[in-house]
Amino acid sequence: MFLDLGQNINSSTDYTRRLFDDFGRLAILIILHIIPIVNLIIYGFMARVIKETPESNTPPKLEKYGEFWIDGLKISVVAIIYMIIPAVLIAAGAVTLFAPYMAGPYSPVVWLVPLGFGVVLMAVGIILAFAVAIIMAMAIVHLVKTGSFGKAFAVGEIVNIIGKIGWGQYVIWLIVMFIFAIIVGAIGAVPVIGWLISIIVSPIFGVFVSRSAALVYTDAVAPGTTSAAVATTSEKKFCMSCGAQIPAGATFCPVCGKSQ
């Protein structure tokens, strides 16, 4: 499958721009984003963006806050589970680096061995975190598209989906999203008003990334639907469980077998 990154970004940008059609919804998203715990609703909103892609070309309504919160919690738990081992390694490495300062008088053995071990632990943790993030990005989309929490850890299925995308193209997409994220993060460093701009931009950027990731996933699961063809998806039907394109009159998905 050929991933047209330009079309993906253009389609995601057009979709995200429609957030500004309803300033009330956008204002609520921004306010919810800055409230701890409550901001899980924003992650649930992004999950709905993923769920409705590519069937809908407009952002979802902000309703059923309880459902959004639960969906956001699921995504957060998945992210924590995926990152817990890298986080432990990085934390252990950091602690080991500081251990010599509490060990008493200087000694090459006492200082150099823990320092070296700490550096290795942190390096392994960081590398593992990047490797896990590659899988986790599609794992979250797979969770939302299938509606099954367990599918977030179906690594074989997730790797197969990434294989259909193309590992090289997929990694390039991740790098581009990472660069965008750095730019958004850098906005917060702007003197005086940076923090305010960051608060406004962050949920908008989250919707953009969610839409883009969902298009990447859909292009892999349903090759007949590309980012360039999103505008015509209203004439097509997709399984609400796995996202695969199915015949318009189908009552069951031929891919996952779920009722439609």
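Sort the range 5-223 into rounded, prolate or oblate with this rule: let a ≥ b ≥ c be the square roots of the eigenvalues of the Cα gyration tensor; rounded if a/c is under 1.5, and if a/c is not under 1.5, prolate when a/b is larger than b/c, oblate otherwise.
Values: a/c = 2.13, a/b = 1.60, b/c = 1.34.
Prolate, since a/c reaches 1.5 and a/b exceeds b/c.
Rounded to the nearest 20 Debye, what is the dipole magnitude of the range 5-223 about its Cα centre when Lys and Arg each give +1 and Asp and Glu each give -1 at the C-beta? Can you show the working numbers first?
On the way: 12 positive and 10 negative charges, 16 e Å.
Its charge dipole is roughly 80 debye.
Among Thr96, Thr53, what is the fewest-to-most ranking by other Cβ atoms within 10 Å?
Details: Thr96 19, Thr53 29.
Fewest-to-most Cβ neighbours within 10 Å comes out as Thr96, Thr53.
To make sure I understand, if each residue's beta carbon is the centre and we count other beta carbons within 10 Å, what order do His33, His142 fall in, fewest to most?
His33, His142
With a 10 Å Cβ neighbour count serving as the proxy for reagent exposure, in which order, fewest first, do Lys74, Lys64, Lys145 appear? Don't skip to the answer; put the middle values down first.
Numbers: Lys74 19, Lys64 14, Lys145 27.
Sorted ascending by nearby Cβ count, the order is Lys64, Lys74, Lys145.
Cα centroids of the range 165-210 and the range 29-45: how far apart, whole angstrom?
Each part's Cα centre sits 17 Å from the other's.
Taken together, the values in this text are just the output of simple stated rules run on the coordinates, not laboratory data. Keep in mind that what you see is a predicted model, and the values were worked out from it rather than measured. Note that we place each Cβ from the backbone using ideal geometry, even for glycine, and neighbour counts take in every protein chain shown.
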